[in-house]
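Encoded as structure tokens, the structure appears first; notes follow it.
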Amino acid sequence: MDFNMKKLASDAGIFFTRAVQFTEEKFGQAEKTELDAHFESLLARADSTKNWTEKILRQTEVLLQPNPSARVEEFLYEKLDRKVPSRVTNGELLAQYMAEAASELGPATPYGKTLIKVAEAEKRLGAAERDFIHTASINFLTPLRNFLEGDWKTISKERRLLQNRRLDLDASKARLKKAKAAEAKATTVPDFQETRPRNYILSASASATLEDTCRPPSWAEWKEDYPGGWRRPCFFLVPLNPSVTLARGCLSLPKDGKLWNDEVDKAEQELRVAQTEFDRQAEVTRLLLEGISSTHVNHLRCLHEFVESQTTYYAQCYRHMLDLQKQLGRFPGTFVGTTEPASPPLSSTSPTTAAATMPMGPSMADLAPPGEAALRLEEVAPPASGTRKARVLYDYEAADSSELALLADELITVYSLPGMDPDWLIGERGNKKGKVPVTYLELLS
């Protein structure tokens, strides 16, 4: 490992200086270069985009996978770049338990048959859920993660560089301001003690002379005793700035402030360099921030795909449940004795209420011979109390000859028979009649 101690010390010094400067800016003790209003608005929009993207991503993950342990497991597999193992959905697990229960309790019993039918529907629902999770993860979650882990990290890196360039620029401005102030002071006060730059220290020879003379001579005393401006031995002034020439036998003391002029020139040069680097970094950061608009367009497309996949998922669930409802309705006596039958999905009239308000005709027990549960439609007549009109909500395919096929939005005549399953009514359309499910109808007053 190449360990450069000088570079480490230099970086630590720069970091400490910037930290002090940043703290002074927060307390209003140092000047700060302000960015333009458009740039500030771009920064605010980028921060808002990042924050809301993180919230939407986390909540979508909760929607797709409510189990926090499973989410942590998937996160670890993703970070380790390994394939996430296939996991059974809750619907598929429920279908498995129902099928096992039907096998043990008796698949030929009404309860066993119903369990098998519901298990098949739950299995299809679980498969639809699996497809929805997979599609949503690819089309919606992955683009959001790519933005946070890719584009946003690049933007954050360039913003940190811009912050450092701004601190360097402000430091250069402060140095130039101090140099100009010192130059003005040296011009107005020509005394040696005042004009001698602060970055000069006395050498060892000068210190030894000071020990003999107790104090250095003033400029007036020196000029009076030594008109030539020098004496032997002479004070050796060692400059910290290498641009100042060392004097061997004597030193002509500056009276025109040339040293401070050099310092001002150097500070101005540093300021120009810092300003150039700041402007370049600001332009790079601006281009990245303006790219947030493209990110919004991409996320908008992904959001449409997410809604489409969710719509497909719920449509499949609805279709599977309608099929299950029709299959369960074909089992005679399955719901006999049920005091609170299932309510229709979109109708405000329950089967019990519909059956209670339907005109009653002859009893089914009077129409069917003993031991025969089938309904003789040719012997069924509308009740004397009258019938009701109903509008069909959904298409319905008749399972056998005792049922009446329905088409959505058509009007039919319906009535009930004594002892009839409250989930069913007798429907008539022209010269055709048959049983129809109440959940597919909207009874009209």
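Within region 45-98, restricting attention to residues that are open to solvent by 100 Å² or more (accessible area, probe 1.4 Å) and hydroxyl-bearing (Ser, Thr, Tyr), the residue that is modelled with the lowest pLDDT is 86.
Given the condition under 19 Å from the mean Cα position of the chain (by Cα) and either modelled with pLDDT under 95 or within 22 Å of residue 154 (Cα to Cα) (or both), answer yes or no: does some residue in region 275-289 qualify? Yes, region 275-289 contains at least one residue that is under 19 Å from the mean Cα position of the chain (by Cα) and either modelled with pLDDT under 95 or within 22 Å of residue 154 (Cα to Cα) (or both). With respect to residue 321, is the statement that it is surrounded by 17 or more Cβ atoms within 10 Å (Cβ to Cβ), modelled with pLDDT of 50 or more and touching a Leu at 6+ places or on another chain (Cβ under 9 Å) true? The answer is no for residue 321. Restricting attention to region 114-140, the residues that are among the aromatic types (Phe, Trp, Tyr) and touching an Asp or Glu at 6+ places or on another chain (Cβ under 9 Å) total 1. Within region 132-155, the set of residues being of a type in the set (Asp, Glu) and touching a residue at least 24 places away in the same chain (Cβ under 8 Å) comprises 151 only. Screening 127, 70, 95 for residues that are part of a helix (DSSP H, G or I), under 22 Å from residue 329 (Cβ atoms) and in contact (Cβ under 8 Å) with a residue 12 or more places away in the chain leaves exactly one candidate, 95.
From the list 404, 393, 417, 425, the one residue that fits, being out of contact with any helix residue (DSSP H, G or I) (no Cβ under 7 Å at 6 or more places or on another chain), in contact (Cβ under 8 Å) with a residue 24 or more places away in the chain and open to solvent by less than 50 Å² (accessible area, probe 1.4 Å), is 404.
The values are calculated or read from the model by the stated rules, or taken from the named source; none is laboratory data. Computed from a predicted model, the values in this text were never measured in an experiment. No Cβ is skipped: glycine too gets one built from the backbone with ideal geometry, and neighbour counts run over all protein chains shown. SASA here: full protein model, heavy atoms, side chains in, ligands and nucleic acids out. Shrake-Rupley method; radii C 1.70, N 1.55, O 1.52, S 1.80 Å.
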